[in-house]
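**Q** Questions regarding the structure given below will be posed in turn.
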Amino acid sequence: SVIIIAFLAVFPFIVKLVQGVLKVQMPGSDTALVQFVFLFSCLAGLITWREDRHLSLASVTAKVTGTAGTIIAGVRTAVITCILTSLFFDSFCQLVNPIQFTTSFWHLSVKIFYTFLPVCYLGIIIMTASKKKSLIPALIGIAAGIIISSGTLAGILYYVFNMENTPHLYAVNDAWNAFSHAAVWPLIIFLVISAFFGVPLFLVLGGISYILFSQSGGYVDVIPLETYRILTDRTIAAIPLFTIAGYILAQGSAGQRYVA
């Protein structure tokens, strides 16, 4: 991650030097920049999860101990792994979809960079399940996530093995879509409450999005595509670069001189 962020800091300067001073065009430079930002975002997500630094409201129930604390921790783990499992299969389905991510730059397919999104989700699932006393709740959440992702799994089987006839998965998917339509508000309220149990806010929002797309017809494939589109927007690249500038100003004396 440090190497990537250093590259992102230097790369725009190199592009300006080559194109502005040397008058040599660098086709694909903009695409390269945003793809490496996306890669950095995925790695940063894994690091943030490892350090338990995601935005959450865990402080509300952090002092609850005993049986109640154990129940809250189990529910939190199950909800986290359920949502992550759904997002993993959803993003993996788009990875194996042959019509997605067909562009390339510098002889590199953008699909290589998109691969890190499902890898990021999978890594967080593994880290969550490997925590002490979290395995059983995590397995329950993973099982629920697999059931919710039945329609996505049917798509994966079609794209990878050309299996068109998977009636059982379609039946489960139809049942989930019907349930999410009938219980959309109780499910959303439950996810909002889970935020106070310590479920990170990005997963609460992701879970709500998944429910809303499911109850409106099951178009959950929009979620990873929008995630990728947002994180590869050129304006997103400014965030880590401005952060680097802030660190440099804070560590040096330039910031003090500016204020003076």
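The values are calculated or read from the model by the stated rules, or taken from the named source; none is laboratory data. All of these numbers come straight from a predicted model, not from anything done at the bench. Heads up, the Cβs are rebuilt from the backbone with ideal geometry, glycines too, and the neighbour counts pull from every protein chain shown. These accessible areas exclude ligands, DNA and RNA; they are computed on the full protein's heavy atoms, side chains included. Shrake-Rupley method; radii C 1.70, N 1.55, O 1.52, S 1.80 Å.
**Q** Quick one: which residue in 86, 109 is within 26 Å of residue 225 (Cα to Cα), among the small types (Gly, Ala, Ser) and surrounded by fewer than 18 Cβ atoms within 10 Å (Cβ to Cβ)? Can you show your working first?
**A** Working: 86 fails: surrounded by fewer than 18 Cβ atoms within 10 Å (Cβ to Cβ).
Result: 109 is the single residue among 86, 109 that is within 26 Å of residue 225 (Cα to Cα), among the small types (Gly, Ala, Ser) and surrounded by fewer than 18 Cβ atoms within 10 Å (Cβ to Cβ).
**Q** Please find, within region 126-142, the residue that is nearest to the chain's Cα centre (by Cα) out of those that are among the basic types (Lys, Arg) and on the phi < 0 side of the Ramachandran plot. Can you show your working first?
**A** Start the filter on region 126-142 by keeping residues that are among the basic types (Lys, Arg), which leaves 131-133.
Now restrict to residues that are on the phi < 0 side of the Ramachandran plot: 131-132.
Values: 131: 20, 132: 24 Å.
Only one residue fits best here, namely 131.
**Q** Among the residues of region 3-32, which ones are surrounded by 14 or more Cβ atoms within 10 Å (Cβ to Cβ) and either closer than 16 Å to residue 243 by Cα or touching a His at 6+ places or on another chain (Cβ under 7 Å) (or both)?
**A** Within region 3-32, 4, 5, 7, 8, 9, 11, 12 qualify.
Matching residues to (1) open to solvent by 50 Å² or more (accessible area, probe 1.4 Å); (2) within 30 Å of residue 37 (Cβ to Cβ):
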residue: 154; (1), (2): no, no
residue: 162; (1), (2): yes, no
residue: 185; (1), (2): yes, no
residue: 192; (1), (2): yes, no
residue: 201; (1), (2): yes, yes
residue: 207; (1), (2): no, yes
residue: 213; (1), (2): yes, yes
residue: 220; (1), (2): no, yes
residue: 239; (1), (2): yes, yes
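**Q** Which residues, counting only those in region 115-125, are over 11 Å from the mean Cα position of the chain (by Cα) and more than 13 Å from residue 50 (Cα to Cα)?
**A** 115
**Q** Here is a list: 72, 47. Which entry is of a type in the set (Val, Ile, Thr), touching a residue at least 12 places away in the same chain (Cβ under 8 Å) and within 23 Å of residue 235 (Cβ to Cβ)? Before the answer, list the steps.
**A** Values: 72 fails: within 23 Å of residue 235 (Cβ to Cβ).
After ruling out the rest, the residue left standing is 47.
**Q** Now for a different question. Taking the criterion of being closer than 30 Å to residue 33 by Cα and open to solvent by 40 Å² or more (accessible area, probe 1.4 Å), would at least one residue in region 140-148 satisfy it?
**A** Narrowing region 140-148 to residues closer than 30 Å to residue 33 by Cα: none.
There is no residue in region 140-148 that is closer than 30 Å to residue 33 by Cα and open to solvent by 40 Å² or more (accessible area, probe 1.4 Å).
**Q** So residue 231 passes all but one of these: (1) surrounded by fewer than 17 Cβ atoms within 10 Å (Cβ to Cβ); (2) hydrophobic (A, V, I, L, M, F, W, C); (3) under 19 Å from residue 34 (Cα atoms). Which condition number does it fail?
**A** Condition not satisfied by residue 231: (1).
**Q** When you go through 125, 136 one by one, which is the residue that is among the β-branched types (Val, Ile, Thr) and open to solvent by less than 30 Å² (accessible area, probe 1.4 Å)?
**A** Numbers: 136 fails: open to solvent by less than 30 Å² (accessible area, probe 1.4 Å).
The unique qualifying residue is 125.
**Q** Also: Can you pull out the residues in region 160-170 that are within 26 Å of the chain's Cα centre (by Cα) and not in a helix (DSSP H, G or I)?
**A** Those that are within 26 Å of the chain's Cα centre (by Cα) and not in a helix (DSSP H, G or I): none in region 160-170.
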